[in-house]
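To keep things clear, I will list the structure first and then write my remarks on it.
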Amino acid sequence: MVKVDVKGCASFVDAARYESYVNKALEAFDVLESEKGAGNDFLGWKHLPGETPEELLAGCEAVCDSWKKLGVDLVVAIGIGGSYLGAKCAIEALSHNFAKQLKKKDAPEVVFAGNNLSEEYLAELMDLAEERNVACIVISKSGTTTEPAVAFRIVKQFIEDRYGKAEAAVRIVAITDAKKGALKTLSTQEGYRTFVVPDNVGGRFSVLTPVGILPIMAGGFDVRGIIAGALEAEKALAVRNASNPAVVYAAMRNLLYSNGKAVEILVNYNPKLQYLAEWWKQLYGESEGKDGKGIFPASVNNTADLHSMGQFIQEGARVMFETVLHVEKSQREVVIGSDEQNLDQLNFLAGKHVEHCNHMAELGTRLAHIDGGVPQIEVSVPVLDAFNLGSLFYFFEFACGVSAYTLGVNPFNQPGVEAYKKNMFALLEKPGYEAATAALRERL
Ligand code: PA5
């Protein structure tokens, strides 16, 4: 199970104030558990781990089997934000670092699109598609988001041109709203298999819906393990007490924020966790950054970033705290050998595991950063596998709800995301935006 340790904050906070923040977080916990707080029509994620229907998993397995029969070796998963980051995070966290080069798996490779509007990216994706046997998962809860819609138009055309319209309906699967949106209309018309994003689950909380499940399963990863880990976290975090890890995390980060620490850096020491940070940034950034409030979520990938961001974190503006993702044990072993000449002067490490060096780097950095004025929270799991990844997903989601209610904002809306869309549509001269187009042009 996920553990949270806040000893690395002790020298920065007053014990009595911490206690008062734990009480605030417990009140927020009650609001979340009562399911009567702001945004309470978006709480479907809370029960997903225990309520994932077997038919959903069987339906996703049937899709994967049908693609296997066609020899599919490339799945293009199209989506943005919450319709992208959970699956990307899981696939990065659970993949062999060199899976592509080793061609180790018989499952298809999953690549992502629709998360940018780069023409080069799409052109190069098409270069890859030309060489491969292609299927596509198009994901949009609203069914109207521009970036995935543009990517899908191009990939759909490619699939239809190459395989014909009838086979395209087997190769393309849509994940969207049950009733509304352009993607729903299009899927019905084209006869695509579809999966539903539940109404009561917002994008950034949707990794355990088909939004995450199908792409992760298509890549051959252990979805059932992820769900089992999330379920264990759901049970553990439902216990109301001051040592509940979600309460501890929510209390401490809100207390640090009240002390002027307005930036939280999620730190990892394993490149496979880079996209967990990207997923976490969306989860906390969109859930808390509103009403002029919120902790700015940032991330570093260590030890690499100690050689780029380390200087700032050690001695720059004292505005941040760090939350370190600690993985207790590596699943692979590499022991450093001894060298007779010792020209590199590394014999003092002979016989030691590389992971031991990694842990000492982590520990040394944490102590140095405490000395530099950067409080340290530790979030730890025993190993990085499907089960513990599932626990981390649920832990961060649940803690996000508690933390945002502690801060006094609605965790489940994102009104600010619309502003850029209006301007983009106006600048692209979308019908209906004429007045906005003229107003923006005046400003240029
Ligand atoms: O968390 C959210 O709701 C957003 O980030 C959405 O996931 C994102 O904007 C994509 O939306 P949609 O799935 O409707 O295309």
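The values are calculated or read from the model by the stated rules, or taken from the named source; none is laboratory data. Treat the numbers as computed from the prediction; the structure is a model and nothing was measured. Glycine gets a Cβ as well: all are built from the backbone with ideal geometry, and neighbour counts include every protein chain shown. Accessible surface is based on the protein model in full, side chains and every heavy atom, while ligands, DNA and RNA are left aside. Shrake-Rupley method; radii C 1.70, N 1.55, O 1.52, S 1.80 Å.
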**Residues (in a helix (DSSP H, G or I) and under 18 Å from Ala386 (Cβ atoms)) located in segment 86-122** = Gly86, Ala87, Lys88, Cys89, Ala90, Ile91, Glu92, Ala93, Leu94, Ala99
**Item:** Subset of segment 192-205 (residues that are within 11 Å of the ligand (Cβ to nearest atom) and over 14 Å from Gly143 (Cβ atoms))
**Value:** Val201, Gly202, Arg204, Phe205
**Request:** Those residues that are of a type outside the set (Gly, Ala, Ser), open to solvent by less than 60 Å² (accessible area, probe 1.4 Å) and more than 16 Å from the ligand (Cβ to nearest atom), I need them from segment 168-191; list them, please.
**Result:** Val170, Arg171, Ile172, Glu190
**Item:** Residue within segment 136-147 that is outside any strand (DSSP E or B) and more than 16 Å from the ligand (Cβ to nearest atom) present
**Value:** no
**Message:** I'd like to verify a number: residues in segment 292-320 that are under 20 Å from Val2 (Cα atoms) and more than 20 Å from the chain's Cα centre (by Cα), how many?
**Reply:** 0
**Message:** What pairs come out if I take residues in segment 324-346 that are over 26 Å from Asp5 (Cβ atoms) and at pLDDT below 95 and pair them with residues that are open to solvent by 90 Å² or more (accessible area, probe 1.4 Å) and of a type in the set (Val, Ile, Thr) whose C-beta lies under 6 Å away, six or more apart or interchain?
**Reply:** none
**Message:** Can you tell me which of (1) within 30 Å of Tyr394 (Cα to Cα); (2) buried (at least 23 other Cβ atoms within 10 Å of the Cβ) is the one Val134 doesn't meet?
**Reply:** (1)
**Message:** Filter segment 322-379 down to the residues that are of a type outside the set (S, T, N, Q), in a strand (DSSP E or B) and surrounded by 14 or more Cβ atoms within 10 Å (Cβ to Cβ) and list them by number.
**Reply:** Glu322, Val324, Leu325, His326, Val327, His353, Ile377, Glu378, Val379
**Prompt:** What is the number of the single condition among (1) more than 16 Å from the ligand (Cβ to nearest atom); (2) part of a helix (DSSP H, G or I); (3) touching a Phe, Trp or Tyr at 6+ places or on another chain (Cβ under 9 Å) that Gly285 does not meet?
**Reply:** (1)
**Item:** Where a residue in segment 65-81 is over 18 Å from Lys103 (Cα atoms) and part of a loop (DSSP other than H, G, I, E, B) and its partner, wherever it lies, is open to solvent by less than 10 Å² (accessible area, probe 1.4 Å) and within 16 Å of the ligand (Cβ to nearest atom), with Cβ under 6 Å and at least six apart
**Value:** Gly79/Gly114; Gly79/Ile139; Gly79/Pro148; Ile80/Gly114; Ile80/Pro148
**Request:** Tell me which of these Lys100 doesn't satisfy, since it passes every other one: (1) under 26 Å from Leu273 (Cα atoms); (2) within 16 Å of the ligand (Cβ to nearest atom); (3) open to solvent by 40 Å² or more (accessible area, probe 1.4 Å).
**Result:** (2)
**Asked** Applying the selection to segment 41-62, what residues are without any contact (Cβ under 8 Å) to a residue 60 or more places away in the chain and in a helix (DSSP H, G or I)?
**Response** Glu51, Glu54, Glu55, Ala58, Ala62
**Asked** Which members of segment 295-309 meet the condition of being closer than 17 Å to Val409 by Cβ and open to solvent by less than 20 Å² (accessible area, probe 1.4 Å)?
**Response** Ile295, Pro297
**Item:** Entirely in segment 195-271, the helices (runs of 4 or more DSSP H) that have 3 or more residues that are under 14 Å from Glu51 (Cα atoms), open to solvent by 10 Å² or more (accessible area, probe 1.4 Å) and not basic (Lys, Arg)
**Value:** 223-237
**Asked** Is it the case that Ser403 is touching a strand residue (DSSP E or B) at 6+ places or on another chain (Cβ under 7 Å), within 30 Å of Asp30 (Cβ to Cβ), open to solvent by less than 30 Å² (accessible area, probe 1.4 Å) and touching a residue at least 40 places away in the same chain (Cβ under 8 Å)?
**Response** no
**Complete:** When Pro49 is run through (1) open to solvent by less than 50 Å² (accessible area, probe 1.4 Å); (2) more than 15 Å from Gly401 (Cβ to Cβ); (3) more than 16 Å from the ligand (Cβ to nearest atom), the failure sits at (2)
**segment 173-194, residues that are more than 18 Å from Val75 (Cβ to Cβ) and not in a helix (DSSP H, G or I)** = Asp177, Ala178, Lys179, Lys180, Gly181, Gly191
**Asked** Would it be correct to say that Ile154 is touching a residue at least 24 places away in the same chain (Cβ under 8 Å), in a helix (DSSP H, G or I), within 16 Å of the ligand (Cβ to nearest atom) and not small (Gly, Ala, Ser)?
**Response** no
